[in-house]
Amino acid sequence: MGRIAALAAFSALTFITSATAASAAGTNGPAHGIAMHGALKYPADFKNFDYVNPNAPKGGTQISSATGTFDSLNGFIIQGNPAAGMGLIYDSLMESAADEPFTQYCLICKTVETPDDRSWVEFTLREEARWHDGKPISVDDVIFSANVLREQGAPFYRFYYGDIATVEQTGPRKVKFTFGGRPNPELPLIIGQLTILPKHYWESREFAKSTLDVPLGSGPYRVSNVKPGRSITFERVDNYWAKDLPVKAGRHNYQSQRFEYFRDRTVAREAFKAGDLDLWIENSSKEWATAFTNVPAVKDGEIRVEEFGHERTAGMQGFVFNLRKPMFQDPKVREALTMAFDFEWSNSNLFYNAYTRTDSFFDNSELGSRGLLKDADTEEREILEKYRSQLPEQVFTAAFKPPATDGSGTRGIRTNLRQAAKLLKETGWQVKDEKLVNTETGEPFQFEILLVSPAFERIALPYKRNLERLGIEASVRTVDTSQYQNRLDDFDYDMVVGSWGQSQSPGNEQRNYWSSEAADRPGTQNLSGIQNPAIDELVELVITAPDRNSLVQRTRALDRALLWGFYIVPHWHIPHDRLAFWNRYGQPDVVPAQGVVLDAWWVDTTKETSLGRRANSSNGG
C-alpha cells in the first residue's frame with residue numbers, strides 16, 4: 001500500500017437515524033452511526049458485530065512477517081519507512097463494519113450528527129476515551145489531528161481531507177467540521193475515519209520528521225519493543241478504554257503481536273513453514289500451488305492451508321506507464337505495449353490458471369463498466385457525451401477488453417504483436433537494425449521496468465521478451481524497499497507495478513489516484529501522471545453522487561475513461577484470500593463480505609498445546 005496504511009474509499013453517503021432521533025430544520029439528530037444507503041444494520045443497542053466471537057479468550061502471541069526494513073514509527077508523513085502495524089496503537093472517531101458496503105459506528109465519538117445536505121458533521125466525544133498515559137481524548141486533539149495531517153502529513157491527507165473548510169469546538173465535548181466546495185455526501189464518513197493524535201505529545205515534537213521514538217496512542221495495543229529494521233512488538237493494553245464497546249467486542253484478542261522483517265518473501269515463507277511465523281498471506285499463485293504440498297506440518301494438519309472467499313471490489317493492478325516520460329505520452333503507443341503482455345500464457349505457465357484477467361478499475365463489482373456505451377444506462381451515456389472531445393473515440397464505439405491470446409506463446413501473441421507494430425508505425429516509430437527507433441530523432445525506444453519484489457521478475461521478463469520482438473529494449477530492475485519507495489514518491493521511473501484498491505463506494509481518494517493536481521504532487525498515487533480535465537470532472541462527479549444508482553453510473557463512466565486511456569497494462573485478480581496458518585487459532589463462524597477479519601481470531605489454548613515444541617518455541621518472545 002505504499003507509505004501510508006491506506007484509508008478505505010467511499011462515496012455517496014446517506015446519514016441514517018431512527019425516527020425518534022430526527023429533529024426539525026432538515027437536520028438528523030445525534031445517532032450512533034452513519035450508513036451509505038438505507039438503514040444501519042446494527043441498532044443503537046447492539047452488543048457486537050456478527051462476524052466476531054464476543055467471548056473470545058485473550059492471550060497468546062501472533063508473529064507475522066514484513067518485507068524490507070523500517071526506520072520510523074511515524075507513518076503519517078512522507079519521510080522515512082514506517083514500521084508495520086502502527087495502526088494498532090491508534091483509534092479513530094468511528095469504526096467501519098466489515099459486513100456492510102460502507103458504514104461507520106461510533107468509537108471515540110459517542111454520537112454523530114449531520115444535516116440532510118451533508119454540509120457539516122458534529123461529533124460528541126466519549127468522556128471515557130483515554131490516551132495510554134491516562135489523559136482524556138479531547139476536542140483539541142481532534143482539531144489538532146485534522147490540521148496537522150493536512151498541513152504536514154503525506155500528500156494523501158491533503159486530498160482526502162481537502163474539503164474541510166473549518167473545524168471548531170462547539171461544546172465541552174463537541175467538535176464540528178464544516179465543508180466547502182461542491183456538495184460531497186461522503187464527507188461525514190471520511191471524517192469518521194480520522195485517526196486522532198495526541199496534541200500534548202506532538203506539540204513538543206517535530207511531526208514532519210521520521211522518528212524511532214515510541215509515539216503515544218489510544219488504541220488496543222502499545223509498542224513494547226523495537227529493533228530497528230528487524231522487528232517491532234506490540235503489547236495488548238489490558239485496560240484499553242474501548243475494549244467493551246460494541247465495535248471492539250471480540251477483537252484484538254492476542255496479548256502481543258510481533259512483526260519480523262525479512263529480506264524478501266521467499267525467506268519469510270520458509271520461516272513460516274519452519275514455525276517461526278504463525279500466519280502467512282500468500283500473493284503468489286505458483287507458491288500457493290507448490291510451496292505447501294510437501295510440507296510435513298501441512299500433511300499432519302499442523303498447518304492449515306485455506307482460501308477465504310470475499311465480495312470486495314477487485315480494484316486494479318498492472319504495469320503502469322509513467323506519462324511524464326516522452327515515449328509514453330501517445331495513447332497509441334501505450335495501447336501497442338499493452339498488446340505485448342500475454343496474460344493467457346502467464347496464467348497457464350506461471351499462475352496455474354488461478355487468475356481472471358482484470359478488465360475494469362472496479363472489477364468484481366457492479367461499479368465496473370461493461371459492454372458498449374450505447375447499451376449502458378442513460379446517466380452514464382449522458383455524462384460521457386459531455387466529454388466526447390476530451391476522451392478517446394473508443395469510449396463511445398467499443399467495449400473494453402484487454403488483448404487476449406490462445407496461451408500458446410506463439411500464434412496468438414504474434415497476431416497481437418503485428419497489430420502493435422502497426423500502431424507504433426502510425427505514431428512515428430520504425431524498426432531499424434532490429435531496434436525500434438523514432439523516425440524523426442533516431443532515438444531508440446527503451447525503458448526500465450522498476451520492481452520491488454523479485455517475485456515479479458518471472459512476470460516482467462516474459463513481457464520484456466515480447467517487447468524485444470517489437471524492437472523495444474526494456475530492462476528489468478529490482479531494488480530495495482527504501483530506494484523503491486523514494487523513487488515512487490518522486491515519480492522517478494519509466495514503468496512500475498501499481499495497484500489501486502477500491503471499495504464498494506469510491507470517493508475522495510479518486511482525486512489522489514487520477515487528478516491533474518495529484519500528478520504534480522510527489523507521494524500521491526497518480527503513478528501514471530494522468531492530467532486530463534475530463535477525468536478530473538468525472539472524479540468530482542463520483543465524489544458528489546447523490547445516491548447509489550448515480551454513484552454506480554458515474555463510476556462506470558470514470559472507469560471507461562481510464563480504461564481507454566491505456567494508462568496501465570491490466571493484470572489479474574482472484575475472488576478469495578489465500579491463508580496458511582499454524583493450527584492454533586479459534587475463528588468466528590462468520591466471514592463477512594469484506595473478507596476474513598484476522599483481528600477477530602484468537603489463540604485456542606487446546607490447539608496451541610497440541611502443537612507441542614513448535615508452539616512453545618515460536619511464541620515465547
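For segment 169-228, give me each residue that is farther than 23 Å from A66 by Cα, assigned to a strand (DSSP E or B) and not hydroxyl-bearing (S, T, Y).
Answer for segment 169-228, where residues must be farther than 23 Å from A66 by Cα, assigned to a strand (DSSP E or B) and not hydroxyl-bearing (S, T, Y): Q169, G171, K174, V175, K176, F177, F179.
Could you look through segment 219-266, keep only residues that are modelled with pLDDT of 95 or more and among the β-branched types (V, I, T), and pick out the one that is surrounded by the fewest Cβ atoms within 10 Å (Cβ to Cβ)?
V226
Here is a check on your reading of the model: is E302 touching a residue at least 40 places away in the same chain (Cβ under 8 Å), closer than 26 Å to V591 by Cβ and acidic (D, E)?
yes
Return the only residue of S119, S145 being surrounded by fewer than 18 Cβ atoms within 10 Å (Cβ to Cβ), of a type in the set (S, T, Y) and within 25 Å of I191 (Cβ to Cβ).
Unique residue meeting the criteria: S119.
Taking the conditions exactly as written (at negative phi, among the β-branched types (V, I, T), assigned by TED's automatic domain parsing to the domain that holds E335 and not in a loop (DSSP other than H, G, I, E, B)), does T555 satisfy them or not?
Considered against the rule, which asks whether it is at negative phi, among the β-branched types (V, I, T), assigned by TED's automatic domain parsing to the domain that holds E335 and not in a loop (DSSP other than H, G, I, E, B), T555 comes out as yes.
Which condition from (1) more than 19 Å from the chain's Cα centre (by Cα); (2) modelled with pLDDT of 95 or more is the one that V496 breaks?
The single condition V496 does not satisfy is (1).
List the number of the failed condition for D330; all other conditions in (1) in contact with a Pro (Cβ under 9 Å, 6 or more places away or on another chain); (2) closer than 27 Å to A421 by Cα hold.
Condition (1) is where D330 drops out.
Among what's in segment 32-47 and is within 26 Å of the chain's Cα centre (by Cα) and surrounded by 19 or more Cβ atoms within 10 Å (Cβ to Cβ), pick the residue that is farthest from P185 (Cα to Cα).
That would be Y42.
The values are calculated or read from the model by the stated rules, or taken from the named source; none is laboratory data. Small disclaimer: the values here were computed from a predicted structure and weren't measured. All Cβ positions, glycine included, derive from the backbone under ideal geometry; neighbour counts span all protein chains shown.
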